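Derivation of every value follows stated rules applied to the coordinates shown; laboratory data play no part. This structure is a prediction, so every number in the text was calculated from the model and none was measured. Positions of Cβ are backbone-derived with ideal geometry, glycine not excepted, and every protein chain shown enters the neighbour counts.
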Amino acid sequence: MSDLFVNEDAEIQVNICVGNNKSGNIVADESVDLLKQQDEDIDVTAVKEYHIFFKQPSFKDSVPLASDVFNYSVGGEGGGGEVDFNPVASRYSKMIKLIKRWTLVDSDGKPIPADEEHISALHPVVANAIGLQLDAAAPTF
C-alpha cells in the first residue's frame, strides 16, 4: 500500500560531476565516466561532484508543473487549437518547485543557497544535466 502514496519527506537525489575540457568549455554529467565519454579532453583531476536533493513530487505537485509547461492556444473560427510543450521550461519549473537543498559551494567553500535565484544563474550545461536526471527520476506525466 505504501507505494500508492508519496511520503512528504521522500527525496530524489541527483548527482552531478562538473569540469572543463582542455578548451575551457564546461562539461557536466552524472559521473566522471560519462564526462570522459562526452569529451576525452576532460581534466578528471579538476572535476567536482555535487549532490542535489529534490522533493519527490506527488500528484498535487504535478498539477502546477503541468500548467507551467503546456501552452494552449485556441484557433479562429474553426475552433481548432494548438498545444505547445517546452521541455526546458518543464525542467526549470520542476527544479524551482521541487528543490530542497544541494552541496554547491562558492569559490571560498561557502554553501550556495538552493533557491530560484541560484537555479536561474546555473550554467545551461549544468542545469540541463541536472534537469535530465530529475526528469528521469521524477517524470511528471
Which residue, LEU65, LEU122, LEU35, tops the fluctuation ranking in a GNM of the chain built on C-alpha contacts under 10 Å? LEU122
Based on Cα positions only, what radius of gyration and what Dmax would you give for the stretch 2-137, in angstroms? 18.0, 62
Calculate how steeply helix 59-69 sits against the longest principal axis of the alpha-carbon atoms of the chain, using the helix alpha-carbon long axis, and give the answer as 0 to 90 degrees to the nearest 10. 90
What length, rounded to one decimal in nm, is gained on full extension from GLU40 through to LYS97, with 0.36 nm per residue of separation minus their alpha-carbon distance? 17.0 nm
Longer than 25 Å from Cα to Cα, which of LYS22/LYS110; LYS60/LYS100; LYS48/LYS110; LYS36/LYS97 are they? Say none if no pair is. LYS22/LYS110; LYS36/LYS97
Least to most buried among SER93, SER23, by other C-beta atoms within 10 Å and fewest first, runs SER23, SER93
